[in-house]
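Input: a single structure, listed below in structure tokens.
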Amino acid sequence: MPSWAKDPKIGNRMINARAETVHEKPAFRRAFRSRRLLIPVDGFYEWFPTQQLGKSGKPLKQPFYIHPADPDDVLALAGLYEFWRDPDKADDDPDKWLTSFTIITTTATDDVGRIHDRMPMAVTPDNWEQWLDPRLDDVETIQGLMAPPAAIEIYAVSKAVNDVKNNGPELLQPVPAEPVAGSGE
């Protein structure tokens, strides 16, 4: 959430920042120059419509788990953080300041692109130190530190991931994928 936002609800629309324009957009450009972070993840989910229709008549979505091919690798997603001060709270209120972050995304690689058109950017271990250095403010250099995740695996997982009450290793187990919408399979 940008520091200049009047209402914290604006942050709900800023969960992702586009790599192509992050350095230009007023909501992200200052953070891009000095408030970069790494978001370590084992993997992430994306959803793709299936032939099966839900109660609303819209296709149900099949979740896919996307992760490094090497199980010992960690994806360090490129992100930005920001501080927002709530003008309606007293200076001594512990909730006066809100820290938020966004994930930088790019056009999906072919592997992921068949499921979703965007994917997170990553930073390789040899670029972590530079990425986190707030003194580095050259846009071209910063942009060169990011890349789409490499050597990834993708497979369908249980629709149980759609419910936040569910948690456990079974959510990462491969399942047969539902036929995709429009494929005739």
Flagged in the range 69-88 as in contact with a strand residue (DSSP E or B) (Cβ under 9 Å, 6 or more places away or on another chain) and either closer than 21 Å to A122 by Cβ or without any contact (Cβ under 8 Å) to a residue 24 or more places away in the chain (or both), in numbering order, are A69, D73, V74, L75, A76, L77, A78, G79, L80, Y81, E82
Before we move on, is A122 in contact with a Leu (Cβ under 6 Å, 6 or more places away or on another chain), within 23 Å of V74 (Cβ to Cβ), surrounded by 14 or more Cβ atoms within 10 Å (Cβ to Cβ) and among the small types (G, A, S)? yes
Can you tell me which residue among A78, A147, A90, A69 is among the hydrophobic types (A, V, I, L, M, F, W, C) and touching an Asp or Glu at 6+ places or on another chain (Cβ under 7 Å)? A69
Cβ contacts < 9 Å: first residue more than 15 Å from L80 (Cα to Cα) and of a type in the set (A, V, I, L, M, F, W, C), restricted to the range 1-28; second residue modelled with pLDDT under 65 and assigned to a helix (DSSP H, G or I), any location; separation 6+ or different chain. Result? A5/G11
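Taking the residues in the range 73-117 that are of a type in the set (D, E) and not in a loop (DSSP other than H, G, I, E, B) as candidates, determine which candidate is modelled with the lowest pLDDT. Reasoning before the result, please.
To start, the set of residues in the range 73-117 that are of a type in the set (D, E) comprises 73, 82, 86, 88, 91-93, 95, 110-111, 117.
From what's left, not in a loop (DSSP other than H, G, I, E, B): 82, 110-111.
Working: E82: 92, D110: 79, D111: 75.
Filtering the range 73-117 for residues that are of a type in the set (D, E) and not in a loop (DSSP other than H, G, I, E, B), the one modelled with the lowest pLDDT comes out as D111.
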Go over the candidates K96, K165 one by one and state the one that is exposed (fewer than 15 other Cβ atoms within 10 Å of the Cβ), farther than 30 Å from P49 by Cα and not hydroxyl-bearing (S, T, Y). K96
Filtering the range 136-146 for residues that are without any contact (Cβ under 8 Å) to a residue 60 or more places away in the chain and more than 21 Å from the chain's Cα centre (by Cα) leaves a count of 4
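Looking at the range 56-70, which of its residues are of a type in the set (A, V, I, L, M) and buried (at least 17 other Cβ atoms within 10 Å of the Cβ)?
Within the range 56-70, the subset of a type in the set (A, V, I, L, M) is 60, 66, 69.
Selection gives L60, I66.
The values are calculated or read from the model by the stated rules, or taken from the named source; none is laboratory data. Quantities reported herein were computed from a predicted structural model and do not represent experimental measurements. With ideal geometry, Cβ positions are generated from the backbone for all residues, glycine too; neighbour counts draw on all protein chains shown.
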